[in-house]
Ligand SMILES: [Zn+2]
C-alpha cells in the first residue's frame, strides 16, 4: 500500500511472520501547505533520518514495515490527537484538549518549536488547518497501524511490534535529559506495560550482545504508537526503539555516516532474532 506523501506499507516478500515495524518520524515530504518561518536546516533536526532504511530488510525477513512520508514537525503520529498546545491555535478548539508535557516542551501533536527558542510557525493555526492535518495524515497512519495489528492478530493470534525511532546523540533543552550524552540504544515499553518481558529481554540481549550500550525506559518510555494498539494480555506486544544518531549519521549535515552499513547489518541480526522468537511463540 502506498499513499503518496502519507505512508508506504511494505508487505513481507518472504514467508510472513507476526512482526510489525513502523517508522513514524523519518518522513521528508514536506506538504505544500506547510509554511514555517523556522529555517529548513533546523526543522530537519526533528527527522528520525533514514530510520526506515535501517530496517529495510524487515519485509524480506517476513515483517510488515510501515513508513510515514510526512515530517513529524507537520503532525506527529506518536502523540494523542488531543495533545495540542492551545497557544498554537487562532481560535478555540471545538472539543476537549489534553496537552501533555510534550506540548509544554513544544513537541505536541503539532510542533511549536523547531529547536529551543525557535518557533516553527509565524502565526497561529486555524482549527481547519489542524483538522486537515489530522484527517489527511494522522488518521491514515493510525488506520494502517491498527489494520496491521488486526490482520496479524487474526492470522497468527499474536503481534510483535517494534516502533522505530532515532534520537539526537545529546539531549537539548526540549528534552527531559538536557545536555546528557545518550546511550547507543534506548528501549521503551512504558515500564513493562506494552509488551511481554521476554520480548524486551530478547531485544535488549541481542543488541547488548552486538556491543551496544542499551538503556530501558530512560529517557524514553515510548508514547502513543506503542500504547494505543498494544495489549500484552491479548497477545499484542509493542516496544519502542530509539537509536543514537551518532551511530549512523552526520547529525549536522543529515547525511548517512560511516557507521550506517554496520548498524543496518546489526539491525538485520536483531530482526532475524525477533522473527525467530515470534514464530516460536
Ligand atoms: Zn521519533
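Every read-out reported here was derived from the displayed coordinates using simple, explicitly stated rules and does not represent laboratory data. The structure presented is a predicted model; accordingly, all values stated were derived computationally and were not measured. For neighbour counting, all protein chains shown are included, and Cβ atoms are generated from backbone atoms with ideal geometry for every residue, glycine included.
Points worth noting:
- The calculated 222 nm mean residue ellipticity attributable to helices in the chain amounts to -8000 deg cm²/dmol, summing -39500 (n - 2.57) over DSSP H runs of n ≥ 4 and dividing by all residues.
- Centroid-to-centroid separation of region 190-238 and region 242-281 [C-alpha atoms, Å]: 16 Å
- Taking 22, 266 and counting other C-beta atoms within 10 Å, the order from fewest to most: 266, 22
- The angle separating the long axis of helix 197-209 from the principal Cα axis of greatest extent in the chain is about 90 degrees.
- Region 128-256, Rg to Rh (Cα coordinates; Rh as Kirkwood inverse mean 1/r): 1.01
- Nearest 10 degrees, 0 to 90: helix 260-280 Cα axis against the chain principal axis: 60 degrees
- If you run the Gaussian network model on the chain, springs between alpha carbon atoms under 10 Å, then out of 268, 157, 95 the most flexible one is 95.
- Between helix 139-156 and the chain: long-axis angle, C-alpha atoms, 0 to 90°, nearest 10: 20 degrees
- Panel order for 204, 237, 161, by other beta carbons found within 10 Å of each beta carbon, from fewest to most: 204, 237, 161.
- Region 2-280: antiparallel DSSP beta bridges as a percent of all, rounded to 5: 45 percent
- Distances between every pair of Cα atoms in the chain, grouped in 10 Å steps from 0 to the bin holding the largest one, split as 7, 30, 37, 21, 5, 0 percent.
- All alpha carbon pair distances within region 194-279 were sorted into 10 Å bins beginning at 0; the resulting P(r) in whole percents reads 15, 42, 34, 9, 0.
- Ranked packing of 188-199, 25-36, most packed first, by mean Cβ within 10 Å: 188-199, 25-36
- Computed on region 2-156, the Cα convex hull volume stands at 113 Å³ per residue.
- Between region 43-94 and region 99-115, the Cα center-to-center distance that results, in Å: 13 Å
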